[in-house]
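Notes for the one structure printed next.
The values are calculated or read from the model by the stated rules, or taken from the named source; none is laboratory data. Small disclaimer: the values here were computed from a predicted structure and weren't measured. As a convention, Cβ positions derive from the backbone with ideal geometry for all residues, glycine included, and neighbour counts pool all protein chains shown.
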Protein chains: 6
Amino acid sequence: MPDPIITKKYHFCASHKYGNPYWSEEKNREVFDKDYNTHGHNYILEVSVRGPIDPESGWLVDLQKLNNIVRSKVVDVMDHSQIELDIEWFKGKQPSSENILVWAWEEIAPNIEQGILHRLRLVETHSIHTDYYGPG
Amino acid sequence: MPDPIITKKYHFCASHKYGNPYWSEEKNREVFDKDYNTHGHNYILEVSVRGPIDPESGWLVDLQKLNNIVRSKVVDVMDHSQIELDIEWFKGKQPSSENILVWAWEEIAPNIEQGILHRLRLVETHSIHTDYYGPG
Amino acid sequence: MPDPIITKKYHFCASHKYGNPYWSEEKNREVFDKDYNTHGHNYILEVSVRGPIDPESGWLVDLQKLNNIVRSKVVDVMDHSQIELDIEWFKGKQPSSENILVWAWEEIAPNIEQGILHRLRLVETHSIHTDYYGPG
Amino acid sequence: MPDPIITKKYHFCASHKYGNPYWSEEKNREVFDKDYNTHGHNYILEVSVRGPIDPESGWLVDLQKLNNIVRSKVVDVMDHSQIELDIEWFKGKQPSSENILVWAWEEIAPNIEQGILHRLRLVETHSIHTDYYGPG
Amino acid sequence: MPDPIITKKYHFCASHKYGNPYWSEEKNREVFDKDYNTHGHNYILEVSVRGPIDPESGWLVDLQKLNNIVRSKVVDVMDHSQIELDIEWFKGKQPSSENILVWAWEEIAPNIEQGILHRLRLVETHSIHTDYYGPG
Amino acid sequence: MPDPIITKKYHFCASHKYGNPYWSEEKNREVFDKDYNTHGHNYILEVSVRGPIDPESGWLVDLQKLNNIVRSKVVDVMDHSQIELDIEWFKGKQPSSENILVWAWEEIAPNIEQGILHRLRLVETHSIHTDYYGPG
């Protein structure tokens, strides 16, 4: 029987500033436009885990354990940070939703013991979100 | 041409209480925590049907017919119930979102005559939802 | 200068069952309909505080202090309860949104030290909410 | 490495009226019911693009370029239109969400130069949306 | 004790077209812009009633009775209509949210027997809504 | 006849950092906690205007004119800024929602020519918003 997928949402606020040090001011402004300024977002991270139902608990994953992983590895690190300055992984990378998802996958996936990480979604604004299904 | 998928949302309110009769009070409280108390939710059930577009109506499914199935088989049964006490199927099972989806699939899927049931999503709280694509 | 009003939202899940012991089964069923069954909701409580801006912090109230009051006095008491059975105040009263607001006002208002409680809103379902401005 | 998928939401308002000229008034009213009247919706179109992350920008697609395509080809055409009267493609077809998605895919997919169009979702009301993954 | 206020949301879809017959085409297009075309919306009508709590039911108003009034007098009339063509009251008036609220107030307020109509809110799009507290 | 009130929502993203230069590091950290770091939000500004209905247009305010005022005076200034560094008014003040509303009122209220500014609401996160009715 194919397994159900449970999704839990987490919130954090962070600031970021795009900028490619190998580009001129003009090119940075042309490509990144207002994202070349420091600004910020209320991010929503949706973590989806897939797995068989444990018949004793009725659950596919214990959400308290999932909360502990996601909060300690991702939410508490990201929350109230300036991403590209405060988190080592982002040195030399742009603080985009796409890159945040690659980083968050590396932080969360190996730590899940019940079920497997199925998808991460990062909601950046009311009209933009990005999905990532892992490195395959 | 791959078929489009239409999704319709339904609402119901219900109460439930987790508890495994083969476990001690301590283990029930440890695993289920506050879910070992009777409590309740405003559930949202999202029903997705996939199928070819009928060229005469422009629709892949007649939503009035879908409403009739989902309301009579699932929503009217669940609404204002205490799930594990009032619905026979849940005797000896936990009233989790995962199990509600397995039950709802059995109730809805065989009754759809136009298109096929693609996915059920159950939104349990503002931050938790579960998806199920059927027993395969 | 009239004071701004800040609003913070809190979530809890609870079950309840309406029923007037002085009424017949028929009248209870006629008036309360499906609410005469145990069922439940994901409630959202919105707490609004009004007051002058503290020029040193820029805030009208310290939200950590407000969180402590609202969580200890209301959210932790309500969450995962069956309201009319578990909370003494509701003995002999219906567990309606209207009554929950009267109770919550008594619990929160006297404990706020910065600003004053302006309004409580209780969202009971996706289409129903109730506001209360206190006993005047 | 599998590619992330970014989704951007767009809004437009339009009116439409269903009706099959080969059917009797009775059959039109029976099948389409109130949809046989002119009425309208606030539509939300969600456009999802999949592709590898550009290491220089951190993005899989430049959203300004995507906005230009979607607005000029779909949103500005649909907005404040009566769909089946004003847009040539819908002559002889029903102005259903299913058909709007087939039309919008033809308008958007060939114009995307970075990444590929992964999915279109059209939200028609607060409880109905339709997904389309293209003609395959 | 000041009375609580309960709010119930209702949905309807309708189309409308602005246009002042005493104005030139140019002025109509200048003032109404794209609203001079037939288009439509998913409206949400929020009906707020204020009143004392009935100690026997715990409610300030019986929502089933309120539903009957609002649906028969407003929602069923508006739903799937072209407002300025189908509803007599709007002959010679613009089908704006402001005018819809004046009309809806006249339809609902005199029919409420328990409590009094406190406010009507009409949500026209995801970013626009209008409130009306009655003719005073 | 009391006047209706129309509300329009606007979005902007910004970063900010709290900090009182007359306080020690310890006190800044104690009072502002994680807000003493640079972080950011997706803000929603709701602008409410109250006034009589113009019988010729059916509107109480021309939203295109309102949009021009709010965007040029507030949204374009705030969007993608670091508030306390980039906007002169905030020198020596905390970049709180309370203060943003006082500033925005001064920018918007004197420029509205049809109707009067009734309320500003600033939504800072999914669970916090602040209202301001002006300096009275």
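The set of residues in the range C:1-14 being more than 14 Å from the chain's Cα centre (by Cα) and closer than 30 Å to B:Ile87 by Cβ is empty. Do the conditions hold for C:Asp3, that is, is it closer than 30 Å to F:Gly134 by Cα and either away from chain B (no Cβ under 13 Å) or buried (at least 18 other Cβ atoms within 10 Å of the Cβ) (or both)? The answer is yes for C:Asp3. Quick one: what pairs do we get from the range C:124-136, first residue facing another protein chain (nearest Cβ under 7 Å), second in a strand (DSSP E or B) and surrounded by fewer than 18 Cβ atoms within 10 Å (Cβ to Cβ), C-beta under 7 Å, 6+ apart or different chains? Taking only residues 6 or more apart or on different chains, the pairs are C:His126/B:His11; C:Ser127/E:Lys9. Among the residues of the range C:10-31, write down those that are within 10 Å of chain B (Cβ to nearest Cβ) and crowded, with 17+ Cβ neighbours inside 10 Å. Passing the criteria: C:Phe12, C:Cys13, C:Ala14, C:Ser15, C:His16, C:Lys17. Once the range C:76-89 is narrowed to residues that are of a type in the set (D, E, K, R) and within 25 Å of E:Thr7 (Cβ to Cβ), the residue that is surrounded by the most Cβ atoms within 10 Å (Cβ to Cβ) is C:Glu84.
Report whether or not D:Ser48 is small (Gly, Ala, Ser) and surrounded by fewer than 22 Cβ atoms within 10 Å (Cβ to Cβ). Spelling it out, D:Ser48 is indeed small (Gly, Ala, Ser) and surrounded by fewer than 22 Cβ atoms within 10 Å (Cβ to Cβ). The residue pairs whose first member lies in the range F:1-27 and is closer than 25 Å to F:Leu60 by Cα and at pLDDT 95 or above, whose second member is outside any loop (DSSP other than H, G, I, E, B) and among the small types (Gly, Ala, Ser), and whose beta carbons are closer than 6 Å, counting only pairs six or more residues apart or on different chains, are F:Ile5/F:Ser48; F:Thr7/F:Ser48. The numbered conditions (1) crowded, with 17+ Cβ neighbours inside 10 Å; (2) at pLDDT below 95 are all true for C:Gly92 except (1). A:Asn99 versus (1) surrounded by 18 or more Cβ atoms within 10 Å (Cβ to Cβ); (2) free of Cβ contacts under 8 Å to residues at least 12 places away in the same chain; (3) more than 9 Å from every other protein chain (Cβ to nearest Cβ): which is the lone unmet condition? The failed condition is (3).
Among the residues examined, D:Val47 qualifies as modelled with pLDDT of 95 or more, more than 19 Å from B:Lys8 (Cβ to Cβ) and hydrophobic (A, V, I, L, M, F, W, C). Looking across the range B:1-25, the residues that are assigned to a loop (DSSP other than H, G, I, E, B) and within 30 Å of D:Ser97 (Cα to Cα) come down to B:Met1, B:Pro2, B:Asp3, B:Pro4. The set of residues in the range A:61-95 that are of a type in the set (Ser, Thr, Tyr) and either farther than 22 Å from F:Asp35 by Cα or free of Cβ contacts under 8 Å to residues at least 40 places away in the same chain (or both) contains only A:Ser72. Scanning the range F:32-52 for residues that are farther than 16 Å from A:His41 by Cα and either at the interface with chain A (Cβ under 9 Å from one of its Cβ atoms) or over 17 Å from the mean Cα position of the chain (by Cα) (or both) gives F:Phe32, F:Asp33, F:Tyr36, F:Arg50, F:Gly51, F:Pro52. For the criterion of being under 30 Å from A:Val123 (Cβ atoms) and either of a type outside the set (A, V, I, L, M) or more than 12 Å from the chain's Cα centre (by Cα) (or both), D:Glu25 fails.
For every residue, the table says whether it meets (1) of a type in the set (Val, Ile, Thr); (2) within 14 Å of chain C (Cβ to nearest Cβ).
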| site | (1), (2) |
| --- | --- |
| F:Pro55 | no, no |
| F:Lys65 | no, no |
| F:Val74 | yes, no |
| F:Ile83 | yes, yes |
| F:Trp89 | no, yes |
